[in-house]
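Below is one structure, written out as structure tokens; comments come after it.
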Amino acid sequence: MQEVKGHALLTNEVGLHARPSVKLTQLAKRFAATVEIAIAADGPWTDAKSPVKIMRVKAAKGETLYMRANGADAEDAVRALADLVNRKFDEE
Amino acid sequence: MGEQKNVGIVIVSHSAKVAEGAADMVRQMVGDSVPLAAVGGNADGGLGTDVGAIMGAIDKAWSESGVAILVDLGGAETNSEMAVEMMPEDRRERIVICNAPLVEGAVMAATEASGGSSLDAVRATAEELMGG
């Protein structure tokens, strides 16, 4: 299985705050693949399905969110997460 | 998937306002896919907790997958334990009281539950908040 990577710029005002964190976790949980995010291309990586760990990432507007996934639906997972970030978490 | 019901969340505070506010946060941040009940205050409407009211909240948030309870201080925990003990035997083992902060724990537990996670996973996520 090949690892799929992606990234997206945080452009919403609050960045990866509480509510966006919850949305990101809920979305990641829909995929069977392991999904991780980081605020640098080389990590450290955080389990995107863990609400507590994602809440602690605290990335701000203007930072780039990196994603990587492993599993059958890894590509869909990375695309969906990048979409969510690009849509400003549907909050603005 | 689909058929499996999400774990329910019960919020028990000494204050009805705190319980209601915490439930508002869960609803707004997590959505409506998780059975949720919040209870606070004693039988006289003052600060405190009430075993019967907690049992009612467990019933309201009941899910075949189980219920995770979040409590604030002392009496909320002991009265919740008592409420669990008074529930039908076949339900008791599917009710857990989380060792976690009330508001954050409720939001985190509900987030975990909204993804269809097991009761053990929901509790572990809430209690992860205590792990630093």
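Looking at A:Glu92, is it within 24 Å of B:Ser33 (Cβ to Cβ), open to solvent by 40 Å² or more (accessible area, probe 1.4 Å) and at pLDDT below 95?
Yes, satisfied.
What are the residues in the range B:50-66 that are open to solvent by less than 20 Å² (accessible area, probe 1.4 Å) and on the phi < 0 side of the Ramachandran plot, if any?
Within the range B:50-66, B:Ile54, B:Ala57, B:Ile58, B:Ala61, B:Ser63 meet the criteria.
For the range B:35-49, give me each residue that is open to solvent by less than 50 Å² (accessible area, probe 1.4 Å) and out of contact with any strand residue (DSSP E or B) (no Cβ under 7 Å at 6 or more places or on another chain).
Across the range B:35-49, the qualifying residues are B:Gly41, B:Gly46, B:Gly48.
If we keep just the residues of the range B:67-80 that are surrounded by fewer than 22 Cβ atoms within 10 Å (Cβ to Cβ) and within 12 Å of the chain's Cα centre (by Cα), which is farthest from B:Gly131 (Cα to Cα)?
Per the criteria, the residue is B:Glu77.
Where residues in the range B:112-127 are open to solvent by 50 Å² or more (accessible area, probe 1.4 Å) and among the acidic types (Asp, Glu), which of them is farthest from the other protein chains (Cβ to nearest Cβ)?
Among those residues, the one meeting the criterion is B:Asp120.
Of the conditions (1) in a loop (DSSP other than H, G, I, E, B); (2) open to solvent by less than 50 Å² (accessible area, probe 1.4 Å); (3) more than 13 Å from every other protein chain (Cβ to nearest Cβ), A:Lys49 clears all except one; give me its number.
Just one mismatch for A:Lys49, condition (3).
Of everything in the range A:17-33 that's outside any helix (DSSP H, G or I) and more than 7 Å from chain B (Cβ to nearest Cβ), which residue is surrounded by the fewest Cβ atoms within 10 Å (Cβ to Cβ)?
A:Ala32
Just for the range B:94-111: of the residues that are free of Cβ contacts under 8 Å to residues at least 60 places away in the same chain and within 9 Å of chain A (Cβ to nearest Cβ), which one is nearest to B:Leu73 (Cα to Cα)?
B:Glu104
Is it the case that B:Ala76 is over 18 Å from B:Ala110 (Cα atoms) and in contact with a Leu (Cβ under 9 Å, 6 or more places away or on another chain)?
Judged against the criteria, B:Ala76 is a match.
The values are calculated or read from the model by the stated rules, or taken from the named source; none is laboratory data. Model, not experiment: these values are computed from the prediction. With ideal geometry, Cβ positions are generated from the backbone for all residues, glycine too; neighbour counts draw on all protein chains shown. Only protein heavy atoms, including side chains, enter the accessible area calculation; ligands, DNA and RNA are left aside. Shrake-Rupley method; radii C 1.70, N 1.55, O 1.52, S 1.80 Å.
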